[in-house]
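Every number in this text was worked out from the coordinates using simple rules, so none of it is lab data. Small disclaimer: the values here were computed from a predicted structure and weren't measured. Methodologically, a virtual Cβ is constructed for each residue, glycine included, from the backbone with ideal geometry; neighbour enumeration extends over all protein chains shown.
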Amino acid sequence: MPIGFTLNSSTGLLSGTTATVQTVLLTIQLTDAINDIPATQNYLLTITTVMLTGETLPPANVGVLYQQDISGQASGGTLPYTFSLVSYTSPGGNTWTVNSAGVISGTPISAATGFVFGVSPFGTSSF
């Protein structure tokens, strides 16, 4: 089993989060509820690293919608990426969002500097 993953034996859902790059051979067994006849299948799962390079964003103007696409700063893993905002500090009471495509947006209500964003890209995996 990949480090940080679990397999739900009732639903067959393999899920988890890991920071470890690895390739794992999974042998999954399915058992028929009535006849108790098992079937097995091997799957090769490769987990790669997704990276997001941090950069200084262009300035925003008070009262004007700001949008900045950061999707081009992601690399590694498997496309398509899904972005999420994991943390931020925002002086001046400004509110920011990051959509799943990697666009940071918001309309600043006050002038401030020193915003710090924590954005996470996730790649997809299939096997």
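Just checking the listed ones, Ala60, Ala74, Ala39: in the Gaussian network model of the chain with Cα springs under 10 Å, the one fluctuating most is Ala39.
Separation of segment 50-101 and segment 17-41, taken as the distance between their Cα centroids, equals 37 angstrom. For semi-axes √(5λ) of the Cα gyration tensor in Å, which listed value, (1) 65, 12, 7; (2) 32, 15, 13; (3) 42, 15, 11, comes from the coordinates shown? So the structure-derived entry is (3).
Peptides 12-24, 93-105 ordered by packing proxy, namely the average of other Cβ atoms within 10 Å per residue, highest first: 93-105, 12-24. The 3J(HN,Hα) values that the Karplus relation (6.51, -1.76, 1.60; θ = phi - 60°) gives for segment 2-12 are, in residue order, x, 4, x, 10, 9, 10, 7, 5, 7, 9, x Hz. Gly and Pro appear as x.
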